[in-house]
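These notes are about the structure you will find just below.
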Amino acid sequence: MIKNRIVSLLVAITLLIPTLKAERIDPSFFTPLSDTLQQMISKRAMVYGKIRVDSAFEYNSDIVIYFNNALSEYPFRKSLIDSIYTLAANFTNSLSPDKRLRLVTNGSVIEELVTPFFEGDALNNETIAISSQNNIVTNISLPYKINRGLQNRHIAVWQSHGFFYEQKNQRWQWQRATLFQTVEDLYTQSYVVPFLVPMLENAGASVFMPRERDFNDKEYLIDNDIISSGFFESDGKEQWKESSLPGFHSPKDIYLSGENPFKMGTALIANTIKNGKESICAWIPKIEDNGCYAVYISYQTFKNSTEKAQYKVIHSGGETLFLVNQKMGGGTWIYLGTFNFTKGNPDNKEGVYLTNKTGENDMIVSADAVKIGGGMGNIARSTSEEGFLLNRKSSSEEPLEQLETPFISKPHTSGYPRFTEGARYWLQWAGFNDTIYSPNNNLNDYNDVLHVSGRRWVNVLSGGSVMNPDENGYSIPLDLSLAFHTDAGTTLNDSIIGTLGIYTRYRSKESDMNPDGSLRIQNRYLTDIIQTQIVEDIKQLHEPILAQRRGIWDRSYSESRTPAVPAMLLELLFSSKFC
């Protein structure tokens, strides 16, 4: 951290130099330098902006050249930086050969934009905060121990947009254009859900997603509040008592905005024991079809919650044991894993089991509902007259009073499986407050779906953790956030676009730091690492011509700007083009 502070101080001093006494140099003097740089580094990425010098100043001991932002969009390595400074020195030596050069772009000296990872200086404690907390979910049935991977890491991954309710059309529809028998809202998930997320989890990470990850249209809810749903206690409430906090209940077929299923029921708590007679809660589903289903649990978090809640999932392939840290994540769905279950559950054994025997005394273990499978969307939407008029007005030149009176339909669901829907609807089903999933007050679902991945999801998950200590939330120490899209752009000549990486350096004009004290320049490092790896993999494994690389953008996108943890937005290829 000290090293980063020194770098930032040097950058700040460099940027303040123009306020001191200086002699201005005509930027046109550096036009040949800009043109040469463009030719020299243009093969590294497809950057549409032309490199140019905006201003330059000469001081007693320095010459500072300010380039436009186009230069900052290229990936930098130390060898390239050395070449750029050598090239620039050839131009400035004719002015003042003994003066030190400073080359600045997008508010940084260019050497600050070098990603340490590629220089043999892997990102470490100085650049990324290391979580001191254990994983929220740990699979203890693995035949090996993960100790050189992503253990104790928590990663937020957002897989594009999704089906949503369009107020001005009074219907459910895709957020992105349908083309070539697919749509980005679905296409992106074909990368994220079956491939990316399992790889992260197999490396030891806990992965959080703001959309349903299970493609099944069947969903089985087992809960202490749902009679005959398959919930049992081994001792008939001898040790398990009703909690003082509300829990999950699903008394309705559909839910209106503002209705929170995690506020409609009860949950149970018990004291943990080290020895003695244990008590077990069991959630036994009646599966209608053989299949592979995602398993979610829910519980409540207290100050003295156990970090060692022991869950067992019995499935058709055997048993899998988990330790769950209930000090975080209470009051929402927490994913355990995906397992095969047998139709009818003939032995009535397949299901989820929780014991209060944790090897510790007098902590609290909490039990609420279990969800198996993805299910159909059950969030009902309609258009209020106010919402209809506001949305019509935004796209109409007619005076508000002349707009036709809308037909206001009854609230209705999408009719699609839940995994197709946007984050707004899953987050409501997952117990988030309506100020989180609908910052537009139910008047514009498009913007709700588009922007809910930023502060209103990542920051609430991480709120109260070491990564985001000053915000209230679920206390999950998210290490980073990745928004995965497939919309890298188009060209008029139908050329290949490639892969675009987007980050945001400043959350506000005043700060380039995250709440944990880390510098947000690491957002660029994260973007560079991921973009570089993807392009190199495509080049090695597939058609090299597809391994195009667009720039590294510092832009104010919600997905990269608002998270309080390192974040980036990936645009992979382009789902609206054959290539």
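Please enumerate the residues belonging to region 524-541 that are in contact with a helix residue (DSSP H, G or I) (Cβ under 7 Å, 6 or more places away or on another chain) and not basic (K, R).
Quick first cut of region 524-541, residues in contact with a helix residue (DSSP H, G or I) (Cβ under 7 Å, 6 or more places away or on another chain) only: 524-525, 529, 538.
Answer for region 524-541, where residues must be in contact with a helix residue (DSSP H, G or I) (Cβ under 7 Å, 6 or more places away or on another chain) and not basic (K, R): Y525, I529, I538.
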Looking at E307, E278, which one is of a type outside the set (S, T, N, Q) and at pLDDT 95 or above? E307
Take region 138-163 and flag every residue that is part of a strand (DSSP E or B) and either touching a helix residue (DSSP H, G or I) at 6+ places or on another chain (Cβ under 7 Å) or open to solvent by 20 Å² or more (accessible area, probe 1.4 Å) (or both). T138, N139, I155, A156, V157, W158, Q159, F163
For region 164-190, which positions are over 21 Å from H412 (Cα atoms) and surrounded by fewer than 17 Cβ atoms within 10 Å (Cβ to Cβ)? A177, T178, L179, F180, Q181, T182, S190
Is it fair to say F117 is outside any loop (DSSP other than H, G, I, E, B), modelled with pLDDT under 90 and over 30 Å from I314 (Cβ atoms)? no
Breaking point among (1) open to solvent by less than 10 Å² (accessible area, probe 1.4 Å); (2) more than 22 Å from D217 (Cβ to Cβ); (3) part of a strand (DSSP E or B), for T320: (1)
Looking only at region 329-351, decide whether some residue is surrounded by fewer than 22 Cβ atoms within 10 Å (Cβ to Cβ), closer than 16 Å to E278 by Cβ and at pLDDT 95 or above. no
Considering residues that are among the aromatic types (F, W, Y), touching a residue at least 12 places away in the same chain (Cβ under 8 Å) and not in a loop (DSSP other than H, G, I, E, B), the number found within region 178-223 is 4
Please find, among G415, G422, the residue that is at pLDDT 90 or above and within 15 Å of N447 (Cα to Cα). G422
Select from region 134-177 the residues that are free of Cβ contacts under 8 Å to residues at least 60 places away in the same chain and polar (S, T, N, Q) and write down the one among them that is farthest from E201 (Cα to Cα). N169
Name the residues in region 77-101 that are within 36 Å of the chain's Cα centre (by Cα) and without any contact (Cβ under 8 Å) to a residue 40 or more places away in the chain, would you? S79, L80, I81, D82
Quick check, is E559 open to solvent by 40 Å² or more (accessible area, probe 1.4 Å), out of contact with any His (no Cβ under 6 Å at 6 or more places or on another chain) and of a type in the set (D, E)? no
Any residue in region 276-298 that is crowded, with 20+ Cβ neighbours inside 10 Å sitting within a Cβ distance under 6 Å of a residue that is of a type in the set (K, R) and not in a loop (DSSP other than H, G, I, E, B)? List the pairs, counting only those 6 or more apart or interchain. Y296/K371
In region 229-259, anything assigned to a strand (DSSP E or B) and not small (G, A, S) is listed as F231, F232, E233, K241, E242, Y255
Just checking, does region 62-82 include any residue being open to solvent by less than 10 Å² (accessible area, probe 1.4 Å) and touching a Pro at 6+ places or on another chain (Cβ under 8 Å)? yes
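Could you check, for region 533-540, whether at least one of its residues is assigned to a helix (DSSP H, G or I), of a type outside the set (D, E, K, R) and exposed (fewer than 15 other Cβ atoms within 10 Å of the Cβ)?
The answer is yes; a qualifying residue exists.
The values are calculated or read from the model by the stated rules, or taken from the named source; none is laboratory data. No experiment lies behind these values; they were computed from the predicted model shown. Don't worry about glycine lacking a Cβ; one is built from the backbone with ideal geometry, like all the others, and counts go over all protein chains shown. The accessibility values were calculated without ligands, DNA or RNA, using every heavy atom of the protein model including side chains. Shrake-Rupley method; radii C 1.70, N 1.55, O 1.52, S 1.80 Å.
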